[in-house]
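Read the figures in this text as sums done on the coordinates, not as results from a lab. As the structure is a computational prediction, the values presented were derived from the model and not from experiment. Note that we place each Cβ from the backbone using ideal geometry, even for glycine, and neighbour counts take in every protein chain shown.
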Amino acid sequence: MSKILITGGPGVGKTTLFTKILDSLVVMRYRVAGFVCPEVREMGRRAGFRIIDLSSGVSGWLALSLEKLQGPCKGARIGRYCVIEDDVERVMGETQRSLDNADLIAIDEIGPMELSVDSCRRIIYRAIESPKPGLFVVHLRLVNEISDRIRASGWGYNLYHVSLGNRDSLYQAILDRIRPLIER
């Protein structure tokens, strides 16, 4: 089974593209499992990142900025963020339960924060190794590591580099590539 990887620099529209593709697949009545990690801004500054299970909508904090954090950082510290492991563990419990019934596993994003929590890393690796099709936004610095892991699992992949110039045209290309994978 082939996996679809989306990558690119910050702010080029990876998450927007991912969300647009998922919205289309949900309208087509495909069952999607996985999670998303949108940024949260307060007064124009990034306060942190949420983590949201796609099937249930259960959410929590993936990471909070050190300025926003109340108390010491108990999870991994990545840049100016503290990973909130208890929230991630709770959301990953929901994601774990939904994977078996999914037509597609979708994750936005596979990055250092997500990989820093054991339960989240296990879900990511399970998704990569699964015979189910996958749609993954991958942090630019992790593309080689994730693509190597996919190949080691015996699966193929298509890698799409998103830029300001191609983000709109990639929507249809990726949708056309992923639908036959789901329909097998």
Which value, in debye to the nearest 20, gives the size of the charge dipole of the chain about its Cα centre, when Lys and Arg are +1 and Asp and Glu are -1 at the Cβ?
-> 240
Nearest 5 is fine: what % of DSSP beta bridges in the range 48-184 come out antiparallel, could you say?
-> 65
Contour excess over end-to-end distance, with Cα ends at Asn166 and Arg29 and 0.36 nm allotted per residue = 46.6 nm
Isolated Cys residues of the chain, judged by Cβ distance under 4.7 Å to other cysteines = Cys37, Cys120
Roughly how many nanometres apart are two label points built 7 Å out from the Cα toward the Cβ at Glu39 and Leu175?
-> 2.6
Got a sec? How would Thr16, Thr95 order by Cβ neighbour count within 10 Å, fewest to most?
-> Thr16, Thr95
How long is the gain from Gln70 to Arg97 if the chain were fully straight, where each residue apart is worth 0.36 nm and the alpha carbon distance is subtracted?
-> 6.6 nm
Gain upon complete extension [Asp118, Asp86; 0.36 nm per residue less C-alpha separation] = 10.4 nm
Spin-label pair Arg141/Thr16, simplified geometry with 7 Å Cα→Cβ offset, distance in nm | 2.5
